[in-house]
Structure formats: C-alpha cells, structure tokens
Ligand code: GDP
C-alpha cells in the first residue's frame with residue numbers, strides 16, 4: 001500500500017486545476033500504468049534520477065518508479081461538519097489520507113467567484129481548519145462518552161489523554177503536535193489514537209495558488225508565509241493555471257516556460273518533494289530478476305517491513321537482506337567490483353533501511 005496525500009481547500013481555489021496539472025504530466029510517460037485511476041484519484045510516479053543511473057550499472061531493461069497517491073477532495077465549505085455541501089462525506093475522505101495539501105487561493109480573478117466573497121488566504125485557512133477541528137471534536141466527544149462507561153485504570157488514564165486532546169482542540173489549539181503527544185503515550189494508547197484518524201493530527205502543508213505573473217511577488221504571500229511559519233508548516237508556491245496550461249508540452253518545453261516566469265521546477269516535483277518530507281518518507285530500490293523498482297518506506301522502518309511491502313511471503317519467510325547503498329554502487333560503477341570490494345552487506349530483519357539502499361531480500365516459505 002502506497003502513501004496518499006489529500007488535496008483540500010475551499011471551492012474555486014484551484015484544487016482540481018492543480019490535481020489535473022500533476023496527473024496530466026505523469027500520464028504522458030506511457031510506461032506508467034497508473035495516473036488517474038478515478039476522476040479524483042491519481043497515482044503519481046515519483047521521479048528519481050537515481051533510477052537511470054542504477055539502470056545503467058545493473059543493466060535492467062526498464063524500471064518502475066515508486067508512487068504517491070493524490071486525491072482531489074472537493075466540497076469543503078463553511079458548515080461542512082454539519083453536513084453542509086456533502087461535508088461529512090468529504091471529511092471522511094480526509095480521514096483516510098496520510099497527509100494533507102491545503103490549497104489556498106492567492107489569485108485575484110473576479111470572474112472566478114470566491115465562496116466567501118473576497119480573496120483572503122488567512123480567513124480561508126481558518127474556515128477550513130474550523131471545519132476539520134469541529135469534526136475531530138465530534139469524534140473525540142463520542143469516544144470519550146463511550147470510554148467513560150468503562151472503568152479500568154488504563155481506560156481512566158486514556159480518558160484523561162483524550163480529554164486533554166479535546167481541551168486543546170476546543171481552545172483553538174488545532175495544531176496538536178503529534179510527536180509531543182505521542183511521546184507521553186504507550187503503544188496501545190498510540191494505536192488507539194491512530195484508529196480515531198483525527199485530521200488535526202495529520203501532517204499538512206499549504207499550497208499557495210498564485211497567478212503566473214505574481215510568482216515572485218504576490219500581495220497575499222507575506223501574511224500566509226508568516227502564518228505558516230508560526231504553525232511550523234511549509235508553503236509550496238504554485239501557479240495552478242500555468243501548470244495546467246503547459247501540460248500539453250514536452251518536459252523540456254514546460255521547464256523553459258516555467259523558467260521564464262522564474263519557476264525552477266514543475267509543480268509535480270515540488271509537491272512530491274514536500275510530500276515526502278512531510279510524511280518523512282524514503283526510497284529504496286530492488287533489482288530482483290533484473291527488474292529495477294523503487295519503493296517508498298517511512299523513515300526508520302526495518303528490513304522486515306520493507307520486505308512486506310514487496311510481498312507478504314517475503315516478510316513471513318525473511319532470511320536476510322543483501323544491501324548496497326546507491327552511493328557505493330555509483331562510486332565503483334559496477335556490480336562485480338562492488339562485490340569484490342565487499343560493498344554488499346548482509347543485514348538482518350531489524351536493519352533500518354536507508355534512503356538509497358539497493359536491497360535483495362532472501363526469503364524462504
Ligand atoms: P477547485 O474548486 O478548488 O477545484 O477550483 P478549480 O481548480 O476548479 O479552479 C476554479 C477556477 O479558478 C477555474 O476557472 C480555474 O481556471 C481558476 N484557477 C485555478 N487556479 C488558478 C490560478 O493559478 N490562476 C488563475 N488566474 N486562475 C486559476
């Protein structure tokens with residue numbers, strides 16, 4: 001199962017435009033059997049220059065990049081938590097994703113109606129955040145009510161945790177620092193919290209959608225950047241419309257158009273880099289049967305878990321992982337030489353996979 005990022009925001013802020021731009025660019029690369037799998041779900045390959053270089057050395061025929069799923073979640077408006085605009089349905093979609101890209105409108109365009117009547121990024125963010133927090137509060141309320149009926153020492157302790165969380169949300173501290181919270185909990189409590197799928201605990205970054213001519217200077221940006229910094233959140237500045245318009249061109253042409261506007265990388269790459277960072281992900285590679293594949297893993301995960309990503313049999317019958325790091329392979333330039341130099345290591349199931357590891361799993365079932 002891959003990782004997913006939900007694109008959220010008020011109507012008419014450019015969510016679908018950005019989603020289309022990202023998925024259209026990936027659709028052109030024909031060896032990807034994924035991309036838009038449903039109108040609002042796109043599986044986007046993660047471009048990685050390392051794949052080309054490994055392919056040259058290991059001489060595989062082709063390669064398969066790893067992917068991230070993007071979901072265009074429409075329909076969040078004021079009152080969503082009360083079911084306004086199919087709000088509950090969309091809120092439940094947000095619960096399913098691993099992380100959130102919150103699109104904020106920073107472009108003026110009178111013909112594109114703003115549901116709140118004017119362009120005001122901070123107000124917009126707060127409208128959305130209020131809906132998200134209210135819907136989390138509802139979930140917490142229900143859980144607390146249930147738990148209050150159970151009377152064991154551990155349930156009492158967990159009840160206090162939930163009450164504290166609720167208090168934070170109620171007093172407007174919507175950015176609950178998950179790491180800090182989890183540092184105080186045991187494994188069972190952590191998994192109980194995870195099961196609640198609270199949106200306030202999900203990692204999030206902002207996408208500022210600006211007009212192409214305002215990429216470098218936009219009157220709304222300073223405030224947004226300041227706001228995001230206070231929340232320790234990142235902002236990716238994108239011109240959704242421009243990115244969508246250029247999808248009809250080849251990659252090199254797209255880049256030169258973007259460069260003219262002072263934009264160095266395509267939205268797809270900048271969003272994926274941010275998504276990777278936000279979700280704390282790494283990429284490892286496998287080359288079994290001369291098929292080069294990239295896979296995504298949470299940083300810190302062990303070899304046994306990585307094996308399970310590929311096949312449950314590999315996890316069950318795990319014996320060892322044979323590992324060489326990308327940098328080492330590139331340095332010596334050949335598999336054989338790397339073997340002669342002892343650069344392939346044998347690692348056990350508890351080995352923490354590193355970004356750039358090239359791994360061969362030995363297993364027996
Ligand atoms: P959504 O409701 O958030 O999914 O918004 P859409 O992506 O459907 O965009 C709403 C309208 O805004 C469309 O007419 C877009 O062409 C326009 N739009 C989206 N992004 C931009 C942008 O970066 N600049 C300008 N000028 N218009 C945009």
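Every number here is computed from the coordinates shown, using simple stated rules; none is lab data. Keep in mind that what you see is a predicted model, and the values were worked out from it rather than measured. FYI the Cβ positions are ideal-geometry reconstructions off the backbone, even for glycines, and counts take in every protein chain you see.
Counting every alpha-carbon pair across the stretch 224-281, the share separated by more than 18 Å comes to 43%.
Maximal additional length on extending the residue 273-residue 82 stretch stands at 65.3 nm, based on 0.36 nm per residue less the C-alpha distance. Eigenvalues of the alpha-carbon gyration tensor of the stretch 265-310, scaled by 5 and square-rooted, set the equivalent ellipsoid semi-axes at 23, 15, 6 angstrom, largest first. Take the convex hull of the alpha carbons in the stretch 204-318; its mean projected area over all directions comes to 10.0 nm². Taking label points 7 Å from Cα along the Cα-to-Cβ direction, residue 167 and residue 115 give a separation of 3.4 nm.
For the chain, the mean residue ellipticity at 222 nm estimated from helices alone is -13000 deg cm²/dmol, where every DSSP H run of n ≥ 4 contributes -39500 (n - 2.57) and the total is divided by all residues, rounded to the nearest 500.
Express the Stokes-Einstein translational diffusion coefficient of the chain in µm² s⁻¹, to the nearest whole number, given a Kirkwood radius over alpha-carbon pairs, 4 °C and a viscosity of 1.567 mPa s.
Working: Rh = 22.6 Å.
This corresponds to a translational diffusion coefficient of 57 µm²/s.
Sorting 159-169, 342-352 by average packing, meaning the other beta carbons within 10 Å per residue, from highest down gives 159-169, 342-352.
Report the gain in length on full extension from residue 58 to residue 362: 0.36 nm times residue separation, minus Cα-Cα distance, nm rounded to one decimal.
Full-extension gain reported as 107.6 nm.
Please list, in order, the residues from the stretch 198-240 whose amide nitrogen is less than 14 Å from a point placed 7 Å along the Cα→Cβ vector of residue 264. Counting only backbone N, you get 237. Semi-axes of the equivalent ellipsoid of the stretch 297-336 are 24, 13, 7 Å, computed as sqrt(5λ) over the eigenvalues of the C-alpha gyration tensor in descending order. Once Rg and the Kirkwood radius are both taken over the C-alpha atoms of the stretch 70-167, their ratio Rg/Rh works out to 1.10.
The modelled label-to-label distance for the pair residue 223/residue 145, using points 7 Å beyond Cα in the direction of Cβ, is 3.8 nm. Note that the stretch 161-232, at 25 °C in a medium of 0.890 mPa s, gets a Stokes-Einstein diffusion coefficient of 168 µm²/s from its Kirkwood radius over C-alpha pairs. Take the Cα of residue 122, step 7 Å along the line toward its Cβ, and report every residue of the stretch 214-258 whose backbone nitrogen sits under 11 Å from that point. Only 222-228 pass the distance filter. In this simple spin-label approximation, residue 311 and residue 196 carry label points 7 Å from Cα along the Cα→Cβ vector, and these lie 4.1 nm apart. Compute a Gaussian network model of the chain, connecting alpha carbons closer than 10 Å, and tell me which residue from 154, 239, 256 fluctuates the most. Of 154, 239, 256, the Gaussian network model singles out 154 as fluctuating most.
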